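The values are calculated or read from the model by the stated rules, or taken from the named source; none is laboratory data. Being a predicted model, the structure only gives us computed values, none of them experimental. With ideal geometry, Cβ positions are generated from the backbone for all residues, glycine too; neighbour counts draw on all protein chains shown. The accessibility values were calculated without ligands, DNA or RNA, using every heavy atom of the protein model including side chains. Shrake-Rupley method; radii C 1.70, N 1.55, O 1.52, S 1.80 Å.
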Amino acid sequence: MLYCIASRGWVDLDGASPEPNLDALRGIFDARRHAAGWTYEELAERSGISRQTLLNLASGRYRGDLRTWLLLARAFETDLDTLLAPVWE
């Protein structure tokens, strides 16, 4: 995708929407946790995020904030860009 700045904001030169699909966050979280084979308790220990917050991410009641996703990226041993790339698909 190619973007350029215009007077009305970012414009996608390829025609796709430049808005992230935040509904994809739940799927990203679930896929990574299952691929790692971790329980919510294990992920809570590895990430420092409470089990309840992780359950809320999994159910879609909470999307998380930047800190949450940074901690998850570190726990999953990946960078934030790679972890969140599916929101642009």
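Among the residues of segment 27-40, those that are surrounded by fewer than 17 Cβ atoms within 10 Å (Cβ to Cβ) and either modelled with pLDDT under 95 or not aliphatic (A, V, I, L, M) (or both) comprise Gly27, Asp30, His34, Gly37, Thr39.
Screening Asp12 against (1) open to solvent by 30 Å² or more (accessible area, probe 1.4 Å); (2) closer than 19 Å to Glu89 by Cβ; (3) at pLDDT below 95 leaves a single unmet condition, (1).
If I ask for residues that are under 28 Å from Pro18 (Cα atoms) and over 11 Å from the mean Cα position of the chain (by Cα), which ones from segment 29-40 would you list? Across segment 29-40, the qualifying residue is only Arg33.
Restricting segment 41-89 to residues that are among the hydroxyl-bearing types (Ser, Thr, Tyr) and open to solvent by 30 Å² or more (accessible area, probe 1.4 Å), which is nearest to Pro20 (Cα to Cα)? Looking at the filtered set, the residue picked out is Thr82.
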